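Each reported figure results from applying straightforward, stated rules to the coordinates on display, with no laboratory input. Everything quoted here is computed from the prediction, not taken from an experiment. All Cβ positions, even for glycine, are placed from backbone atoms using ideal geometry, and neighbour counts span all protein chains on display.
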Amino acid sequence: MRFLLSADEGAIIRGWVVPDDPTAISRVYVTVEGRRVAEVSAIHADPTFIQYGWHATGLCHYEVREDHIPGLAGIERLEIFDVDTNVLVHRRVPKVGLATPKAVLINAHIRPETVIQTALFPHFQQCYFGIGRFPEEILHAIFDTDTLTSCLMVGSIILPRYEGHFVQGNAVTMMLLHDPYVEMASRLTWLRERAGMGADPNQSWRLGHLAEAAAFTADYDFTDAKSLKRLFRMLPEPAYHLLYNPLTRQLSTHVPDDRIVPGSSIIAVEVLSRIGIVGHRDYFEAFMATVFDRLEINAPIPLPLPIPNGTLELAERLRGLRFLRDWIEFDMVLSDAVRASVSKSWQD
């Protein structure tokens, strides 16, 4: 899927969507205040799409007009989505106070930082959350579309695979790191919470390749050191990839199951150094203040959600297992370096 907004002139909105099916006529639907109010099919053919091999007929240009939505010109807020994929194509909002660049918040934590997303959402015209689950074609469309200027993208993605798109699009990239033991504890509890789903044949598909890993954790006691040692000896391969130096994996590989080698640490440091804003969860306020300053957002600095006590207790338990040091060795180097840098600059 590819898309582009040509113009939003108030009483008429023009754009195009090239669907994944080259024979399909593209369709969009419009929502106002969350309510679906119209569906519009393409009415203009573009021979360029045929020449590029994108579409069989080129019938991809749509127009949303007053006869589709009475009073269209006076509606301050509306959204247009592709019918087939539910991907946001255009969001009309008041222009006052919007952040102007593309911004990419790269989730390094297993649980999205919803406080950050909530704080940034009102200041961007376009917002895409969970981009790590988007198909490759849609990701490229979002990353490479020049007209998406005031655009926030959030999700867990592998950096080396997409870094070039951010550079070409002059995007502001952001990443918040966690202590590696807290991250490992968070990932284990995330799996445990989904153990029932992973064991259910009717639900396991929701977890994809992590279904076996989630179900596996149900047989182990996270409060017992011996049980934890057995868990790490018997881990299924997908769980190993989820837990072994996950930050280094995200910063140095091209696919999730690539092997981590000593050289991966060097690559991870280089990639991390090219991210525009890097912070540490221990200095959440410093990270958010830097983000708001860079994006020229005038708003109160939000407070982070507390990490559950059970997760922190498990992290301390994991810290006492000496064999796990190899599992977070590379990530610890990255985390400690960022924490030290932020600590020094924030105090100064």
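Key figures for this structure:
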item: Full-extension gain in nm, residue 20 to residue 133, via 0.36 nm per residue minus C-alpha separation; result: 39.0 nm
item: Leading residue at positive end of dipole, region 1-92 (Cβ point charges), from 81, 50, 12; result: 81
item: Region 155-237: mean projected area of Cα convex hull, nm²; result: 7.3 nm²
item: The chain - convex hull of the alpha-carbon atoms, volume per residue in Å³; result: 158 Å³
item: Cα-only radius of gyration and Dmax that characterise region 252-335, units Å; result: 16.5, 46
item: 5 angstrom amide H check on residue 102, placed H, neighbours 5+ away; result: 151, 172
item: Cut-off under 5 Å, modelled amide H: who pairs with residue 277 long-range; result: 173, 174, 175
item: Near-label residues of region 322-342 by backbone N, under 11 Å of a point 7 Å along Cα→Cβ of residue 225; result: 322-323
item: Full-extension gain in nm, residue 326 to residue 63, via 0.36 nm per residue minus C-alpha separation; result: 89.0 nm
item: Inter-label distance for residue 254 and residue 51, nm, one decimal - labels placed 7 Å from Cα along Cα-to-Cβ; result: 3.1 nm
item: Whole-Hz ³J(HN,Hα) from phi, Karplus 6.51 cos²θ - 1.76 cosθ + 1.60, for region 172-184, glycine and proline x; result: 8, 9, 9, 8, 10, 8, 10, 4, x, 6, 5, 5, 4
item: Net length gained if the chain between residue 73 and residue 147 were fully extended (0.36 nm per residue, minus Cα distance); result: 24.6 nm
item: Debye log10 I(q)/I(0) for region 167-285, one point scatterer per Cα, at q = 0.19, 0.20, 0.23 Å⁻¹; result: -1.10, -1.15, -1.28
item: Kirkwood Rh, Cα atoms: Rg over Rh of region 1-92; result: 0.97
